[in-house]
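Novice: This is the structure, below, for whatever I ask next.
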Amino acid sequence: MPTPTTTLALGPSWLDPEVLISTFGLLGILVIVFAESGLLIGFFLPGDSLLFTAGLLTADGKYVTYPLWLVCLLITVAAIAGDQVGYAFGRKVGPALFRRPNSRLFKQENVLKAHDFFEKYGARSIVLARFVPIVRTFTPIVAGVSRMNYRTFVVYNVIGGVLWGTGVTVLGYFLGQIPFVKANIEVILLGIVGLSVIPIAVELLRARLAAKRGTTAQELAAAEEAIRETREHYGKH
């Protein structure tokens, strides 16, 4: 087992992408991608950083000795299959999912966040969610709960699976051959994680601003109503 190079940056050693890949190989990558794409318990698993590292290690021939095309194909299939299972789970569970109490591995806010994302972007959310941690786990489930047209879901699921599964892996493969990237892999992975959470941060900021504007509007309306009532009161006297 290698000395983890990204542990400090990305969390506990057992979630370090290189440790996971060196321990479980390509099969481990496929299981993680499948779980993160469609199982409720997979939201905490590394996604983008895992695929990038898989591409990098494929380029090195380190731990992953299969050709790039096969690695990308299998990762893409695992991602698509994961979303299909998530969709089927959502259709079966239905609204009960939104009444499920919080637990150590389940937070109602994650489902609501994915629901808002789905409502905002519609069918496109199946593709866009691939690049947003946590949201990508719950969006296919929410699509199933909402009974999104199955054929439409399949089309967007395939597109998203290819863009994410193949795209991020290929990016890691070619960038991983650049000496600077190889020498600064921890910083690169941090950057990938940072870029992934930007959409969530933007949505949270927009929600807070909208809530603040709503509160301000309510306060202004209340003030205007108070002024009107005061005028009416003194007008009668």
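The values are calculated or read from the model by the stated rules, or taken from the named source; none is laboratory data. Since this is a predicted model, take the numbers as computed values, not measurements. No Cβ is skipped: glycine too gets one built from the backbone with ideal geometry, and neighbour counts run over all protein chains shown. The accessibility values were calculated without ligands, DNA or RNA, using every heavy atom of the protein model including side chains. Shrake-Rupley method; radii C 1.70, N 1.55, O 1.52, S 1.80 Å.
Novice: Heavy-atom accessible area of Y156 with all protein chains present, probe 1.4 Å, nearest 10 Å²?
Specialist: My reading of the accessible area for Y156 is about 70 Å².
Novice: Enter the accessible area per residue of segment 15-66 (Å², integer; probe 1.4 Å; all protein chains in place).
Specialist: For segment 15-66, the per-residue accessible area is 33 Å².
Novice: Could you rank the peptides 61-73, 20-32 by their average count of other C-beta atoms within 10 Å per residue, with the highest value first?
Specialist: Listed from highest to lowest mean packing, they are 20-32, 61-73.
Novice: Ranked from the most accessible area to the least, with a 1.4 Å probe and all protein chains present, what is the order of F174, F117?
Specialist: Largest to smallest exposure gives the sequence F174, F117.
Novice: Quick check: residue separation of D60 and V155 times 0.36 nm, minus the Cα distance between them. What number comes out in nm?
Specialist: 30.8 nm
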